[in-house]
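The values are calculated or read from the model by the stated rules, or taken from the named source; none is laboratory data. As the structure is a computational prediction, the values presented were derived from the model and not from experiment. Here the Cβ positions follow ideal geometry from the backbone for every residue, glycine too, while neighbour counts run over all protein chains shown. These area figures cover heavy atoms from the full protein model, side chains too; ligands, DNA and RNA do not enter into them. Shrake-Rupley method; radii C 1.70, N 1.55, O 1.52, S 1.80 Å.
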Amino acid sequence: MKRYQPNLIFITVIAFSTAILSVSNYTLETSLKHSLSARVKNHFYLEAVLVEKDRIFERVSFLSTLENMNVSSASVFYEPQDKELAGSAIRHIRKMQSYHNGWIDVHEALPVTLILYRNPLIFQQHLPHHSYENLQALYVPSQETIHLLVTNEMDENPDQFLELVGHEYTHHWMISYLLENKLDNRHLPRWFEEGIAEYAGKQSVREVPIFVPLNFIPFTRLHTVEDWAYENRRKSSHRPYRQSYYAIDQLVKDGNESKIKILLLNKQKNFYRLFEEVTDESLIEFEVRFLREEFMNLKR
C-alpha cells in the first residue's frame, strides 16, 4: 500500500486540478457576455489552481457584468457607459506600442488585459495587496492586467485617462520586453522604471509637468518598491513621479535616448556603475546638473 501511495497522491492532485479547470472553464464560457482569449483564460486558470481559489468565481462574477472589447494587442472590460473610453484605450495602446518601438526598441508586446472600474471599492477589491495611497491605476505583471479606476474628471478630460493608460501600458511593455530578453525588472531602480512610464504616458498626450527643484529627493532613496511607496505617501512634500519624469527627459535631451535600452537590458553590472559608464557622469553629477538646468529654465 505504501508503494502505491505516492501514485495515489499524484492522481488525486491531477484529478482535483482537472476538476478546478473544468469548473473554471464552464464558468468562463457560460457567465461572460463575450468569449475570452486563450491568454486571459490562462490567467484565470492559474489563479484558480495556485493562488486565489477563493476569489476566482468572485472575479468572474464581476467580469460577467461588463462588456468586453478584444483586439490582438489588448482585451478591455468595461461598463456599457464606458464603451467610448474602451475604444480610445485600445487605440492608445496601439499608439504606445508604436511609440516604444521607435524610442526604445522594436518589440511586439504580449497582449494586455485592461479592466475599467467605476466603483472605488470594487477596484480596490480586485487589486493585490499594496501600500500605495490614492491609487487610480495599477499594472499587475502576474496577471498581465491593468486595473484602472475611471473618475468623473476623466469624463471631462479624457487626456487624464489616456495618460494613465499610456503609463500603465508602458510598464506592461517593459516587462514583456525584458521577458523576451530573459530578464525581469528586479535589477531596475524604481525611479528609472517609473520615470520611463511617466515620461511615455505624458508624452503620449503632449503634457509637460511643472518641475519644482525644492521638492527633489536623491534617486538612491527611490530605489526599491518600498522606497517608492514611502516617498509617495499622501503627506509627503516630494514628487517622485515628477522628478523621475524629468530624469528621463534629461537623458533624452542629452542625446542618451539610446542608452535607456542599455540600462534596461543590464544583466550583470550594478545599475549605477553602468549608468556612469554610459552617460560619462555619476548619478550624483547627473542629479546636480539636471537640477541646475531645470532651475534655470524656471527663471526664464
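Would you mind counting up the charge near His171? Only other residues with Cβ under 10 Å from its Cβ, with Lys and Arg at +1 and Asp and Glu at -1. Write down the numbers at each step before the final one.
Numbers: positive: none; negative: Glu168, Glu193, Glu194.
Value of the local net charge: -3.
Rounding to the nearest 20 debye, state how big the charge dipole of segment 154-271 is about its Cα centre with +1 on each Lys and Arg Cβ and -1 on each Asp and Glu Cβ.
Numbers: 16 positive and 17 negative charges, 117 e Å.
About 560 debye.
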Revision key, fill the gap. Expected sort for 135-148, 102-115, 59-72 on mean C-beta neighbours within 10 Å, highest first, is 135-148, 102-115, 59-72
Check your understanding: For segment 243-253, in order, what is each residue's ³J(HN,Hα) by Karplus, 6.51 cos²θ - 1.76 cosθ + 1.60 with θ = phi - 60°, in whole Hz (x at glycine and Pro)?
Key -> 5, 5, 4, 6, 5, 5, 4, 5, 4, 5, 4
Exercise for review: List the relative contact order of segment 152-203 as a percent without decimals, with contacts defined as Cα pairs under 8 Å and 6+ residues apart.
Suggested key: 51 percent
**Study point:** FRET efficiency, 1/(1 + (r/R0)^6) with R0 30 Å, evaluated for Asn101 and Lys182 via beta carbons
**Key:** 0.90
Exercise for review: Could you pull out the pairs from Lys95/Lys235; Lys83/Lys182; Lys235/Lys267; Lys95/Lys267; Lys182/Lys269 whose alpha carbons sit more than 27 Å apart here?
Suggested key: Lys95/Lys235; Lys83/Lys182; Lys235/Lys267; Lys95/Lys267
Check your understanding: What accessible area per residue comes out for segment 188-300, rounded to a whole number of Å², with a 1.4 Å probe?
Key -> 52 Å²
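Just add up the charged neighbours of Tyr139: K/R +1, D/E -1, any other residue whose Cβ is under 12 Å from the Cβ of Tyr139.
On the way: positive: none; negative: Glu144, Glu168, Glu193, Glu194.
My count for the surroundings of Tyr139 gives -4.
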Exercise for review: About the Cα centre of segment 58-185, how large is the charge dipole given +1 on each Lys and Arg Cβ and -1 on each Asp and Glu Cβ? Please answer in debye to the nearest 20.
Suggested key: 300 debye
Exercise for review: In whole Hz, with x marking every Gly and Pro, tabulate ³J(HN,Hα) for segment 174-181 from phi via Karplus 6.51 cos²θ - 1.76 cosθ + 1.60, θ = phi - 60°.
Suggested key: 5, 4, 5, 5, 5, 4, 4, 9
Practice item. Go through Phe211, Ser236, Ile260 and say which Cα lies farthest out towards the positive end of the charge dipole of segment 161-261; charges sit on Cβ, +1 for Lys and Arg, -1 for Asp and Glu. Key: Ser236
Exercise for review: Find the all-direction average of the projected area of the Cα convex hull for segment 127-213, expressing the result in square nanometres with one decimal place.
Suggested key: 6.9 nm²
Review point. Where a Cα-Cα gap under 16 Å defines reach, which aspartates and glutamates qualify for Lys202, not counting those fewer than 8 residues away within the same chain?
Key: Asp159, Glu163, Glu168, Glu193, Glu194, Asp249
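Per 0.36 nm of contour for each residue apart, how much would the distance between Arg206 and Gln268 grow if the chain were fully extended, relative to their Cα-Cα spacing?
18.8 nm
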Review point. Expressed as a whole percentage, what fraction of the accessible surface of segment 179-255 belongs to carbon and sulfur atoms when a 1.4 Å probe is rolled over the protein heavy atoms?
Key: 49 percent
Point to revise | Surrounding net charge for Asn152, when Lys and Arg each add one and Asp and Glu each subtract one, Cβ distance under 13 Å | key: -3
Check your understanding: Which one of Asn152, Ser176, Tyr199 is farthest out on the positive end of the charge dipole of segment 127-199, using unit charges on Cβ (Lys, Arg +1; Asp, Glu -1) and the Cα centre as origin?
Key -> Ser176
